[in-house]
1. Check Ser143 against each of (1) closer than 16 Å to Ile225 by Cβ; (2) modelled with pLDDT of 90 or more; (3) hydroxyl-bearing (Ser, Thr, Tyr) and name the one condition it does not meet.
2. Would you pick out the residues in segment 170-206 that are surrounded by fewer than 16 Cβ atoms within 10 Å (Cβ to Cβ), over 26 Å from Ile272 (Cα atoms) and hydrophobic (A, V, I, L, M, F, W, C)?
3. Please determine whether any residue of segment 231-253 is closer than 28 Å to Val66 by Cα, surrounded by fewer than 23 Cβ atoms within 10 Å (Cβ to Cβ), under 22 Å from the mean Cα position of the chain (by Cα) and free of Cβ contacts under 8 Å to residues at least 40 places away in the same chain.
4. Give me the pairs: first residue in segment 59-74 and over 12 Å from Met257 (Cα atoms), second residue aromatic (Phe, Trp, Tyr) and surrounded by 12 or more Cβ atoms within 10 Å (Cβ to Cβ), beta-carbon distance under 7 Å, and six or more apart or on different chains, which are they?
5. Across segment 75-86, which residue is surrounded by the most Cβ atoms within 10 Å (Cβ to Cβ) among those that are assigned to a helix (DSSP H, G or I), in contact (Cβ under 8 Å) with a residue 24 or more places away in the chain and not aromatic (Phe, Trp, Tyr)?
Amino acid sequence: MKARGEDPAVSGRRRARWNWAGLPKQAVMWLAAAVILLPGYFLLITPLKSQTNYSLSKLGFPNPIVFDNFVTALRGGRFFLWFGNSIIMAVGGVLLSTFVSTLAAFAMARMEFRGRNLLLSISNALMVLPPVVMIIPMFLFLSGLHLTSTYPAAILVYAGLVTPFSIYMLTNFFRTVPHEIMESALIDGASSLDILVQILLPLSAPALMTMIAVNAMWIWNDLLIALVLLPDDFKRTLMVGITVFGARYNSDVPVSMAGMLMASIPMLILYIFGQRYFTRGLVAGAVKG
């Protein structure tokens, strides 16, 4: 606020000094926004260009706008089959991981038993273990059981890889719920399962939606696990199929970008859907608390 009786010229100089002082920070923020948005802009406009138009201007607006690249991308491979395989992997892996991690996180956060801290430490340590170091043992193990190129094996692997992060996230969130709420429920005769389903899970909607979105995006965008465990062309996920498709149309960038754009749409929809329910979960949790 301007002090009473302050000279307007002095006040103007102070505002100018503040604006100049904040200019470097604003420049950094604009630069970061440009770095983040430029790939998205390139992904959006490139599929709408012809190969000739793309050769003349990489970042310019399409002139004229063409949609043939999407038709070529759909016909150039088994797009819908790969899309269905990715849906199976993402939905199966997320559902299995959410079920297991919810029960495990409840035990870690609200139950007393010997070795609890050790188990939680081991689970947390698995988060920093890169999947690439486990891919060969997993492949050999599944090959010995004749489970390679099967949906259940791939879903189990995906669920196992994202479960440590899910346990860590839900355990921390469950611990923030006041213990008095659960004591009151126990006095009223509620079981541990009732407390989990009727109290903790509704209050944990923000954490659950964030966890589901992150895990689904990770499984959807994964290339290594699907490439090794699902070598059958009819079992390929969309990311593996798009990679093979991109190599086939390496010289036709607009067609490749059309396939990549269509592959990213489901995760964009999931993000928008999850963002809305994330806000609702925050409000509901605040009211119930």
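1. (2)
2. Ile181, Leu186, Ile187, Leu193
3. Yes, there is a match, as at least one residue in segment 231-253 is closer than 28 Å to Val66 by Cα, surrounded by fewer than 23 Cβ atoms within 10 Å (Cβ to Cβ), under 22 Å from the mean Cα position of the chain (by Cα) and free of Cβ contacts under 8 Å to residues at least 40 places away in the same chain.
4. Matching pairs, first to second residue: Leu59/Phe42.
5. The first filter runs over segment 75-86 and keeps only residues assigned to a helix (DSSP H, G or I), leaving 75, 79-86.
Add one more test, that the residue is in contact (Cβ under 8 Å) with a residue 24 or more places away in the chain, and what stays is 79, 81-83, 85-86.
When the remaining residues are screened for being not aromatic (Phe, Trp, Tyr), the result is 81, 85-86.
Working: Leu81: 15, Asn85: 23, Ser86: 25.
Only one residue fits best here, namely Ser86.
The values are calculated or read from the model by the stated rules, or taken from the named source; none is laboratory data. Just so it is clear, the structure is predicted and the values come from calculations on it, not from any experiment. No Cβ is skipped: glycine too gets one built from the backbone with ideal geometry, and neighbour counts run over all protein chains shown.
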